[in-house]
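Beneath this line is the structure, given in structure tokens, with notes to follow.
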Amino acid sequence: MKINAIEQWVVIAVLSLTVVIGGFLLSQPRLVVVDMARVIQRPSEMLSRSKISDKAQQKIMQRYAILLPKVIAAYGKAHGVTVVSGNVLVSQSHNDISNIIIEQTLSRLKHGGI
């Protein structure tokens with residue numbers, strides 16, 4: 001079977017599109033990192049600068065600690081990524097979502113979610 005010029009261009013176009021789409025899908029990060037030390041420490045520091053009593057600060061941090069794993073799981077599910085948690089030594093990557101997780105957890109805490 002001989003392929004004519006139009007069929008060749010169709011095959012080339014389909015292959016090119018496949019390569020472009022494949023490259024785009026591969027470039028998306030499938031693995032993101034949460035620096036747990038920072039995620040716990042930053043809100044604690046923010047609270048320590050407030051005029052809230054120590055007992056109230058402890059209650060807030062307990063609620064924060066309950067919400068944190070839920071927020072991390074929701075982020076992973078919503079973005080279709082695997083979330084790795086631990087202590088991050090250096091991060092210059094867009095794969096570090098620690099600040100996003102802090103913001104989302106504080107937002108849920110502020111709006112009464114547990």
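A compact table of results
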read-out: Hits in segment 65-77 (condition: touching a helix residue (DSSP H, G or I) at 6+ places or on another chain (Cβ under 7 Å) and among the hydrophobic types (A, V, I, L, M, F, W, C)); value: Leu67, Leu68, Val71, Ile72
read-out: Single unsatisfied condition, Ala73 versus (1) modelled with pLDDT of 85 or more; (2) exposed (fewer than 10 other Cβ atoms within 10 Å of the Cβ); (3) not polar (S, T, N, Q); value: (2)
read-out: Residues being among the charged types (D, E, K, R) and exposed (fewer than 13 other Cβ atoms within 10 Å of the Cβ) - total across segment 35-49; value: 2
read-out: Test: residue in segment 101-108 that is at pLDDT 90 or above, among the hydroxyl-bearing types (Ser, Thr, Tyr) and surrounded by fewer than 15 Cβ atoms within 10 Å (Cβ to Cβ); value: yes
read-out: Verdict on Ile52 being over 27 Å from Arg30 (Cβ atoms), modelled with pLDDT under 90, surrounded by fewer than 16 Cβ atoms within 10 Å (Cβ to Cβ) and not small (Gly, Ala, Ser); value: yes
read-out: Within segment 52-85, considering residues that are at negative phi and not in a helix (DSSP H, G or I), the one farthest from the chain's Cα centre (by Cα); value: Ser53
read-out: Flag for Gln62 being at pLDDT below 90 and either of a type in the set (Val, Ile, Thr) or out of contact with any helix residue (DSSP H, G or I) (no Cβ under 8 Å at 6 or more places or on another chain) (or both); value: no
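The values are calculated or read from the model by the stated rules, or taken from the named source; none is laboratory data. A quick note: this is a predicted structure, and the numbers were derived from the prediction, not measured. Because the Cβ atoms are built from the backbone with ideal geometry, glycine has one as well, and the counts that use them run over all protein chains shown.
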